[in-house]
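To start, the structure itself, in structure tokens.
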Amino acid sequence: MNDSKQKQQVPCDQGEPVARVTAVDRDQYLVRNDRGEIPAELTGKFVYTRESRSDLPCVGDWVGVQYHDAGTHATIHHVLPRTSFLRRKAPGKELGFQMIAANIDVAFIVQSCHYDFNVRRLERYLVMIHEGHIEPVILLTKIDLISSEALEQLIGEIRHAGIDAPIITLSNVTGAGIDQIRERILPGKTCCLLGSSGVGKTTLINHLAGGSTLETGEVSISGEGRHTTTRRQLIVLENGGELIDMPGMRELGLLGVGEEIDDSFADIQVYARGCRFADCTHTNEPGCAVRSAMAQDELDAGHFQNYLKLKKESEFHDMTHLEKRRKDRAFGKFVRSVVKEKGKRNGR
């Protein structure tokens, strides 16, 4: 029996049976138990007692449920504690977190070698993955569209940026690399695919699932696929491994990830320890080991500039979010005081 089935049969602390969220479409959910997938919805109490949107169930969550109509429908009462997660700043001007998926063991960052390759975006994904305590693996797809020399150059760019995550090169046309990916999706483990639209995520899932499980779009003349995934969903493979597919994300805003940025740019921290001053900003101080490393081409300047950009972005969002929380708490305190005063007057 794999890990997922064991979890499904264990009741949560509140006594309800446990199921796993496999798809979310606005306020509608699909959950899986040992009998299969069924639709589910949140209880009114859950909706009105949650503190933020990030408390709502997301794909990969284990939830306490109650079954209805002979087990053909369920209501969700609780979300069990998450062991890992993917989240980002909510898109647009909204402040706060948006949960993407939860309880993931391995995150495959998928980039096409043809037009989608972008080391700076790769670094941003790695910060998000490190924050959620997930193991990263980089997938370079569509290697059949470039030469072996060009592929080695792309891998060199990744390594020159100080990124040491495992790299798997893949072709959905020839099948190269698919067995290496399959070896990492072990029974009872959950993996996910992160990347832009059209890089071959859905086609890869169909290869791993052994058939046309998901709809794919036509490939353009340029060799790039067209976006087909419209919602996040969890798929169980024949070996008992689980894989989460998700649409490409245009916005990857960072919030509350100061330490994770330092962890993701650990090579910069190594050089920084050699600076003359402990509080060196790496701008114009004498004895700066970071600037010296860039001058000697030991440290990629674009890599360092992206580090500064992500730090500044995270600090700005953190400050704005903190101010919003303070205002929300102050307003909540004001409302409670008004209600309390009104109660006193009515009691007279």
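Less than 5 angstrom separates the built amide H of Thr83 from those of Asn103, all sequence-distant by 5 or more or on a different chain.
3J(HN,Hα) along the range 100-111, derived from phi through the Karplus expression 6.51 cos²θ - 1.76 cosθ + 1.60 where θ = phi - 60°, amounts to 9, 6, 9, 6, 10, 8, 9, 10, 8, 8, 9, 10 Hz, with x in place of Gly and Pro. Each residue of the range 66-82 is assigned a 3J(HN,Hα), and the resulting list reads 10, 8, 9, 6, 6, x, 8, 8, 9, 10, 9, 9, 8, 9, 6, x, 7 Hz, derived from the Karplus form 6.51 cos²θ - 1.76 cosθ + 1.60 (θ = phi - 60°), x at Gly and Pro.
Across the range 158-169, computed HN-Hα scalar couplings (Karplus, 6.51 cos²θ - 1.76 cosθ + 1.60, θ = phi - 60°) run 5, 5, 5, 7, x, 8, 10, 5, x, 10, 10, 9 Hz from first to last residue, x flagging Gly and Pro.
Between amide H atoms placed 1.01 Å from N, distances below 5 Å from Ile235 occur with Leu243, Ile244, Asp245, all of them 5 or more places distant or on a separate chain. Given Cα pairs under 8 Å that are at least 6 residues apart, what percent is the relative contact order of the range 258-325? Dividing the mean separation by the residue count of the range 258-325 yields 29 percent.
Exposure proxy shown here: for Tyr48, Tyr271, Tyr115, Tyr29, the number of other Cβ atoms within 10 Å sets the order, fewest to most, as Tyr48, Tyr115, Tyr271, Tyr29. For Val110, the amide hydrogen comes within under 5 Å of the amide hydrogens of Leu139, Leu194, Gly195, counting only partners 5 or more places away or on other chains and with H modelled in the peptide plane.
Values in this text are rule-based calculations from the coordinates and carry no lab data. Treat the numbers as computed from the prediction; the structure is a model and nothing was measured. Heads up, the Cβs are rebuilt from the backbone with ideal geometry, glycines too, and the neighbour counts pull from every protein chain shown.
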